[in-house]
Structure formats: C-alpha cells, structure tokens
Amino acid sequence: MNKANNLQKRKYYIETWGCQMNEHDSEKMSGILESIGYIETNTPKDADLIIFNTCLVRKNAELKVYGNLGHLKTLKNKKPEMLIAVCGCMTQKKEIRDLIKEKYSHVDIVFGTHNIHKLPELIANARQNSRMIIDVWEDSGNIIEGLPAKRKYGFKAFVNVMHGCNNFCTYCIVPYTRGREKSRLPEDILREINELSAQGCKEVTLLGQNVNSYGKNLDKKVSFAQLLRMVNEVKGIERIRFTTSHPKDLSDELILAIKECDKVCEHIHLPFQAGSNKILKAMNRKYSKEHYLNLIEKIKNEIPNIAITTDIIVGFPGETEEDFEETLDVVRKVKFDSAFTFLYSIRKGTPAAKMENQVPEDIKHKRFKRLLDTIYPISLEINQKLKNKVVEVLVEEISKTDKTKVTGRTRTNKVVHFSGDKNLIGKLVKVRITNPKTWTLEGELID
Ligand code: SAH
Ligand code: SF4
Ligand code: F3S
C-alpha cells in the first residue's frame, strides 16, 4: 500500500476500558473496520471515527468514560464530519443511553455488546443521518462466528470460548451487560486456534466469565477440561491460558487436565472475593471459605509449582471487622502470587446496591490498605524463591521504561524484564532470574 492510498483511507481510533472480553471485542472491531478499508490511528484528532468501548463494572470505570466523552466535544466541533461511537457494557443500560442522548449529543452512534458485527451498517447509517443512531440488543441470540479480528500481538491471542454469565453475583453488573451464558462449539474454537497457529501464534488465552461452566448449554455436552485437552493437541501452540475460573464449578477433572496437558500453563486465576461465609452467601457466590481453601489445597497438591492469583472485594455491604479478618485469613493461608483488589462499588440494578448496611468509604479504604499490606510481602516472598532459577519467557515487547530491555511473561504469568532487543519479540527464551521484586522479575537471557 503506497502512501497516497493510505492518505485517502479513513482512519479509526478505539479506546478500550474494562476486561479482556472488551479488549478482544475491540480487536474484532478493528478487524471489521480494516475489512471495510479503514486504517488505525493512535491519535484521536486524526481519526474519522472514534469508538469508546466502555466498562461498567465499577463506578470509576464509568466516570472515566463520561470525562473522556466530554473532552471529545471540542474535537467534534472542529471536525464535524468525524463520527463518534460509544459501545460496550455501559450502553447496555437504558439509563446510560438516555444520559448519552441528553448530555452528549455530539455522539453519532450508540451500540452494544451483542451487535458489534453491525458496525459497518451503523457507520453507513450515521453518515446519512444527522440524528444519533442507537442500536442496542438485549441479548445476542446465537453467537456470531467468523468475525475478523486484528489482534494486538501475532504470537499471542485471546479466544472466546463462551459469552455471558449466569451467576448473578449480587454486586456484579456483568450478567446484565453481557447476557446469558453461551458456549461456542468446540469445532469453531479449534478452527480459530488452528488458524492462529498457522499464522504463527504461540499462546492462546481462552476467555469466558466463568470458563468452568463451558459447554453446559451445548447440545453435545463438552466439559472445559475436555476442551483444554483438545486445544492441547493443536500443533504450533505452545502455551494455553484461561480466565476466569469460578470456585463453585472447578472440578477434579479440570485440575487433572491442567496437570496433564503440557501446554496448559501453571497458573490459575481463581477469584475468592471474600473470606467470610456470611458475605459469600450475601454475594451469592455459592461456595464457602472452607470449600475454597480445600480447592486450593487440592490444586497445590496436584500441581506443586502452580501460581495462584485472585480477585478480592473489600467493603461489601454488611462486612464487619470480623468478616474482613476472614478475608485476610484466606490471603495468609493461600499465599497468592498476586491479587486484584477492589473497593466495593455500588452498581445500580444489582441486588447489593439495595442492601441497607453499606460500609462507609473511610472504613473501606482502611481495610483496603490493610489488605494490600498483607498481600504484597507474600508476593515478594514467593517471587524471591525464583532467584537464580531459569524460567521460560515469551517475549512480548520492548520495555516501556528502558528501551535496552524487553518484557515478557513466564508460564506462571509473571512479568520479566531483561536486556534484549526487538528480535526477541514473539520468541520463547530461557531467562535466569537475578532480581525478583514484588510485581516483576529482573533477569538475564541465557544463550
Ligand atoms: N467473571 C469474573 C470477573 C468479572 S469482573 C469472575 O467471576 O471472577 C472482575 C472482578 O471485578 C470481579 O472478580 C470482582 O472482584 C470485581 N467486581 C465486580 N463487580 C464489582 C463491584 N460492584 N465492586 C467492586 N468490584 C467488583
Ligand atoms: Fe460477575 Fe459473578 Fe458473573 Fe463473575 S461470575 S461475571 S463476578 S456475576
Ligand atoms: Fe467491564 Fe463489561 Fe468486562 S462491565 S469488566 S467490560 S464484561
């Protein structure tokens, strides 16, 4: 493609908030846009189309989008032919669509999580109409297969195995924004992974809100453990990851599959959310603290060098000091490699939002700090055991802080920095860990 041609092409810019589901949806939108002749730009002011792919999981995520949408107004005034689209989890809520209509009238297109495949049609409509085009589906019906995706990396890729969630944890908005659980057919998943492998992909991350319940709605039942075993057979793929697992459905069959499949990485992300059984019940998590601790013991016994990470919520309604101590107790007992920690955030439309015994913000913050003070020394202690050990790293990119270094990940999903150049990107290499830290490891390449 010569420069003159490129200059005539329309440019798009996508800003993504939220989880890997959203990141991968953005990759699909890029794929769709490039199939109709758009090219990507990293500069919003150069774009002919700006898409905000939004997240609603916590209040902060939502507020960021409003702030950014407000800023776009000036840009749109200067460049009225530019199209602005908002999609993702926020637009699935009617109140938010109404708010966009009322306060952000410079937005041209609003669509949802279930109809990203309609993007070309929506753009065409918006070019012909001056009014805001709003097209949001309540649920997707069937899964749309065969959408192109422009992936961020060639050597690693997200692959959806299922969409939606049926769990209705009482704090969580996701079941309302992503619809009911639907699994993709194993043959569709395997076809995609085979294609990725043929294009040089080495690592796949299988995505679902609760991958452990994969296959339950298929006519021909297939368990997630069986799916892992099938993916493990795909030639060329060297690493398999998956996220997220739910403790209530993590079976012995799955633990065995993780253990026996050589390509499945030694890492499990298993959110426990809270340690107190009273709070777990109020969260509708459907397991107890004892069940969680037992599971961890089983996993550690079967796969001794596995890394375990988790999600924890602090300050769910009704959480007392004693309840919070139970959360700290789980952290100390399990010894997580790392944890994503969240302050409970009220999400309108979820059952927990209506609970009366909300925890005051200052107490939430104090507990949050105590939680981090408990987690960090454990992460460091675990990482220090890696000193002088040799690990396999898939090199991802030039380090953002030091251009003479590259960054990659171990099979246990730990970030490693070491001296190296761009020729290493996408390669699996051996690295000796020289300086393990709390969140990252420093090392040296072994020839
Ligand atoms: N499906 C995944 C994660 C979905 S959202 C799972 O079930 O584990 C990612 C994390 O955000 C959750 O695990 C939870 O810890 C956190 N989260 C969800 N809703 C929240 C809320 N209202 N306030 C604070 N954290 C929340
Ligand atoms: Fe939300 Fe619970 Fe579903 Fe995860 S399992 S997406 S936390 S409702
Ligand atoms: Fe956010 Fe939607 Fe993911 S609410 S966390 S982007 S599923």
What do you reckon, is LEU270 in the same structural domain as LYS202 (by TED's automatic domain parsing), without any contact (Cβ under 8 Å) to a residue 40 or more places away in the chain and within 16 Å of ligand 2 (Cβ to nearest atom)? no
Being closer than 24 Å to VAL161 by Cβ, within 22 Å of the chain's Cα centre (by Cα) and of a type outside the set (D, E, K, R): is that true of THR91 here? no
Failed item in (1) at pLDDT 95 or above; (2) of a type outside the set (A, V, I, L, M); (3) within 25 Å of SER35 (Cβ to Cβ), with LYS103 passing the rest: (3)
Within the stretch 49-70, track down each residue that is in contact with a Cys (Cβ under 6 Å, 6 or more places away or on another chain) and either part of a helix (DSSP H, G or I) or in contact (Cβ under 8 Å) with a residue 40 or more places away in the chain (or both). LEU56, ALA61
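Residue-wise test of (1) over 30 Å from LYS437 (Cα atoms); (2) in contact (Cβ under 8 Å) with a residue 24 or more places away in the chain; (3) away from ligand 2 (no atom under 16 Å from the Cβ); (4) not aromatic (Phe, Trp, Tyr).
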{"site": "GLU302", "(1), (2), (3), (4)": "no, yes, yes, yes"}
{"site": "ALA307", "(1), (2), (3), (4)": "no, yes, yes, yes"}
{"site": "THR310", "(1), (2), (3), (4)": "no, yes, no, yes"}
{"site": "ARG332", "(1), (2), (3), (4)": "no, yes, yes, yes"}
{"site": "ASN357", "(1), (2), (3), (4)": "yes, yes, yes, yes"}
Scanning for something buried (at least 22 other Cβ atoms within 10 Å of the Cβ), at pLDDT 95 or above, part of a strand (DSSP E or B) and among the β-branched types (Val, Ile, Thr), does the stretch 28-44 turn up at least one residue? no
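Going residue by residue through the stretch 90-100, is there one that turns out to be touching a Pro at 6+ places or on another chain (Cβ under 7 Å) and more than 16 Å from ligand 1 (Cβ to nearest atom)? Steps first, please.
Step one: of the stretch 90-100, the residues touching a Pro at 6+ places or on another chain (Cβ under 7 Å) are none.
Checked against the condition, which is being touching a Pro at 6+ places or on another chain (Cβ under 7 Å) and more than 16 Å from ligand 1 (Cβ to nearest atom), the stretch 90-100 yields no hits at all.
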Taking the stretch 51-64 and the residues there that are crowded, with 22+ Cβ neighbours inside 10 Å and among the aliphatic types (A, V, I, L, M), the one that is nearest to ligand 3 (Cβ to nearest atom) would be LEU56
Note on the stretch 168-190: residues in contact with an Asp or Glu (Cβ under 9 Å, 6 or more places away or on another chain), more than 15 Å from ligand 1 (Cβ to nearest atom) and not hydrophobic (A, V, I, L, M, F, W, C) are ARG184, ASP188
Out of (1) touching a strand residue (DSSP E or B) at 6+ places or on another chain (Cβ under 8 Å); (2) within 20 Å of SER197 (Cα to Cα); (3) charged (D, E, K, R), the odd one out for GLU266 is which? (2)
Is at least one residue of the stretch 203-221 away from ligand 3 (no atom under 16 Å from the Cβ), surrounded by fewer than 18 Cβ atoms within 10 Å (Cβ to Cβ) and acidic (Asp, Glu)? yes
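Does GLY164 qualify as being in contact with a His (Cβ under 9 Å, 6 or more places away or on another chain) and either within 16 Å of ligand 3 (Cβ to nearest atom) or without any contact (Cβ under 8 Å) to a residue 24 or more places away in the chain (or both)? Explain how you work it out, then say what you get.
Values: in contact with a His (Cβ under 9 Å, 6 or more places away or on another chain): no; either within 16 Å of ligand 3 (Cβ to nearest atom) or without any contact (Cβ under 8 Å) to a residue 24 or more places away in the chain (or both): yes.
Taking the combined requirement at face value, the residue does not satisfy it.
The values are calculated or read from the model by the stated rules, or taken from the named source; none is laboratory data. Values in this document were obtained by computation on a predicted structure and should not be read as measured data. Counting neighbours? That spans all protein chains shown, and the Cβs are built from the backbone with ideal geometry, glycine included.
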